[in-house]
2 protein chains.
Amino acid sequence: MNSTVKIGNIIIGRGYPVAVQSMTNTDTADYESTKTQLLALQSAGCDIARLAVTSMKEVEVCKKLVLSTTMPLVADIQFDYRLAVACADAGFAKIRFNPGNIGDESKVKKVVDACKANGIPIRVGVNSGSLDKDISAKYGFGADALAESVKKHVGLLEKFGFYDIVVSAKSSDVGTTVDTYRKLKSLGYVLHLGVTESGYSQAGIIKSAIGIGSLLVDGIGDTIRVSLTGDPLNEVYAAKNILKALGLEKNYCEIVSCPTCSRCKYDLEKIVAELTDYTENIKKPLKIAAMGCVVNGPGEARDADFGFAGGDNGTAVIFEKGKVVKRVDADEILPEIKRRIDEY
Amino acid sequence: MNSTVKIGNIIIGRGYPVAVQSMTNTDTADYESTKTQLLALQSAGCDIARLAVTSMKEVEVCKKLVLSTTMPLVADIQFDYRLAVACADAGFAKIRFNPGNIGDESKVKKVVDACKANGIPIRVGVNSGSLDKDISAKYGFGADALAESVKKHVGLLEKFGFYDIVVSAKSSDVGTTVDTYRKLKSLGYVLHLGVTESGYSQAGIIKSAIGIGSLLVDGIGDTIRVSLTGDPLNEVYAAKNILKALGLEKNYCEIVSCPTCSRCKYDLEKIVAELTDYTENIKKPLKIAAMGCVVNGPGEARDADFGFAGGDNGTAVIFEKGKVVKRVDADEILPEIKRRIDEY
């Protein structure tokens, strides 16, 4: 059992930062559009990207793609073990296969041998949609079935002397996903978290945030992939927000802002929207508190670097580390806070 | 200890559905705009709404507001116990006060007496920004401090023979929120969940989704409030999506859709976007699977009522309960699925 694995230039697992993954949805055979999407993903904060590879023709394109970016690439293989072998030889940094459809032991052995020869890890990517029949007959399709399927296929790799393993077992049901990974924790292998087919837009983001976040909050999970129908850049933005929400990504400007209520006598939302834009490129830890009234600030904002809270008659207070340092008119809040950001 | 409480016409607690709460951010003294916002919240799916009440003049307006909607209203009181007493007499269905700033025992006793006389519950709404000094001196500002503060103030209400209690203890830190409510579970009282000042836009939605969802997934929590800077309708939409993600709200059309990858040869996102709009008003359980290719469907979509998956050469399959029932061209998917929705 290896508690860390190396995927190209990135190490994931115990003691290492949680890595963000996504997947291209361009045609893998189309070098230019796939390269463009890979670079966009990397620049949005994606650490590792996966590509579906479905033909030997695509493997040839991938030989160039793996050289087109410094981001490690992972080949996603369904059905055909020969593609997995070819991808291991083509420069991919990891192979993901679905044990439910890769075929018998002799085929898995060939993939293992190719990955060993190339020094790259394998992700055993179990999916509730393609469980072995013997497992679903015995355990159904829930968390027990997913966990047993993982154990069976990890056991097979171990039998072949292969321990450089990442494990995933995704369900489109959030509760099942959480239960499954809690069961998998005891395996000790590196865990790749995700809710599969979580869907579209806000509903999908919330499904992924709960599934992934409920595990990360207990220290379960080493790398995450948010699955969203549509542009994969949205997956990376959501994944980064999940890491920020849990303090796993600290090098950014956090704006803690209250929902406002009748007590708030100025346009807090507008100020927060402007500050969100203004601070978007800050890459070190900064915490700003934006409070509608004195009920929440400065007390609630004790650990903010600085912040503001509205008062009566169009006034506001500016505070630093929980202490009021200045009184200003509400329309002076934004320039005052921007000035402090610039100084910072 | 009461494991359920009645808030107007809604019962929350053990065995009852998780209720969605939000809070107005209009000026409570402005009857028309507050009434308009309350009706909008109710129509978006809000079960219970809270209003900040800060003056006796506002209490007078609230006497009319509580009659303007069938949705139970909660008075949010900071600092002044006399407002809490007046609100209990004014027709509010619950009083929330912040024990950190309501004052000494004799004042709390007066609020308790007024709530008893009116047969309404109290929410003890502890907030990390306004902890008692003796508690923060001993426990700091983390989960232990929040939980101890709740216990102290619940104990005070119990001393006055009052058990009709809802408890909350919110932090703007997701991990602290989760730890705190896990500690509070053993109290047995009805729990109101939320991450306070969770912020703005997607970052705030994700913070709230993880904080609230991590607890609900373990059956902790009876009512939820998503806090977002801006229009409170967004809080209700996000709260509903949290409940849907966890299967706690079933009367809607769930669309399980894959993120697409190179294997997907048609415009799945466009179809999913159209289906999302088309099914938005369905109020009974329906599950539709939208899959890019046969890797995920129909296997992954075994429990969907019906769905579709792309195939080669611009074709697709339509399936029902995991069985392929029809082959169509990709551009016939949408009319075919809409027809099935209409029949359903």
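The values are calculated or read from the model by the stated rules, or taken from the named source; none is laboratory data. Keep in mind that what you see is a predicted model, and the values were worked out from it rather than measured. Cβ atoms come from the backbone with ideal geometry, glycine included; neighbour counts cover every protein chain shown. These accessible areas exclude ligands, DNA and RNA; they are computed on the full protein's heavy atoms, side chains included. Shrake-Rupley method; radii C 1.70, N 1.55, O 1.52, S 1.80 Å.
Of the candidates B:GLY307, B:GLY247, the single residue that is at pLDDT below 95, open to solvent by less than 40 Å² (accessible area, probe 1.4 Å) and closer than 16 Å to A:GLU197 by Cβ is B:GLY307. Restricted to the stretch B:7-36, and to residues there that are within 26 Å of B:LYS250 (Cα to Cα) and touching a helix residue (DSSP H, G or I) at 6+ places or on another chain (Cβ under 9 Å), the residue that is surrounded by the most Cβ atoms within 10 Å (Cβ to Cβ) is B:SER22. Evaluating B:TYR252 against the criteria (1) under 23 Å from A:LYS270 (Cα atoms); (2) of a type outside the set (Asp, Glu); (3) touching a helix residue (DSSP H, G or I) at 6+ places or on another chain (Cβ under 7 Å) leaves one unmet condition, (1). Considering (1) touching a Pro at 6+ places or on another chain (Cβ under 7 Å); (2) among the small types (Gly, Ala, Ser); (3) within 23 Å of A:ASP27 (Cα to Cα), the lone condition that B:GLY322 does not fulfil carries the number (3).
Beta carbons closer than 6 Å, at least 6 apart along the sequence or on distinct chains, pair a first residue in the stretch A:20-33 that is more than 10 Å from chain B (Cβ to nearest Cβ) with a second that is in a strand (DSSP E or B) and polar (S, T, N, Q) for A:GLN21/A:THR223. Criterion applied to A:GLY199, A:GLY219, A:GLY211 was being more than 7 Å from chain B (Cβ to nearest Cβ) and within 19 Å of A:ASP173 (Cα to Cα), and the one residue passing it is A:GLY211.
Please verify whether A:PRO259 is crowded, with 24+ Cβ neighbours inside 10 Å and either modelled with pLDDT of 95 or more or not assigned by TED's automatic domain parsing to the domain that holds A:CYS46 (or both), treating the condition exactly as stated. Spelling it out, A:PRO259 is indeed crowded, with 24+ Cβ neighbours inside 10 Å and either modelled with pLDDT of 95 or more or not assigned by TED's automatic domain parsing to the domain that holds A:CYS46 (or both).
Of all residues in the stretch B:282-291, those satisfying the criterion of being more than 8 Å from chain A (Cβ to nearest Cβ) and either open to solvent by 10 Å² or more (accessible area, probe 1.4 Å) or touching a Gly at 6+ places or on another chain (Cβ under 6 Å) (or both) are B:ILE282, B:LYS283, B:LYS284, B:PRO285, B:LYS287, B:ILE288.
Of all residues in the stretch A:312-327, those that are without any contact (Cβ under 8 Å) to a residue 40 or more places away in the chain, out of contact with any Ser or Thr (no Cβ under 7 Å at 6 or more places or on another chain) and on the phi < 0 side of the Ramachandran plot total 9. Would you check if B:PHE160 is at pLDDT below 95 and either touching a strand residue (DSSP E or B) at 6+ places or on another chain (Cβ under 7 Å) or open to solvent by 20 Å² or more (accessible area, probe 1.4 Å) (or both)? So B:PHE160 does not fit the description; no. The residues in the stretch A:293-332 that are under 14 Å from A:ARG263 (Cβ atoms) and among the acidic types (Asp, Glu) can be counted, and the count is 2. Of all the numbered requirements in (1) farther than 23 Å from A:PRO298 by Cβ; (2) in contact with a Ser or Thr (Cβ under 8 Å, 6 or more places away or on another chain); (3) away from chain A (no Cβ under 12 Å), B:PRO99 misses one, and that requirement is (1). When the residues of the stretch B:173-194 are narrowed to those that are among the β-branched types (Val, Ile, Thr) and either more than 9 Å from chain A (Cβ to nearest Cβ) or touching an Asp or Glu at 6+ places or on another chain (Cβ under 8 Å) (or both), which ends up farthest from B:ALA145 (Cα to Cα)? Looking at the filtered set, the residue picked out is B:VAL190.
Candidates are the residues of the stretch B:115-140 that are outside any helix (DSSP H, G or I), at pLDDT 90 or above and not basic (Lys, Arg); the one that is nearest to A:ASP303 (Cα to Cα) is B:GLY140.
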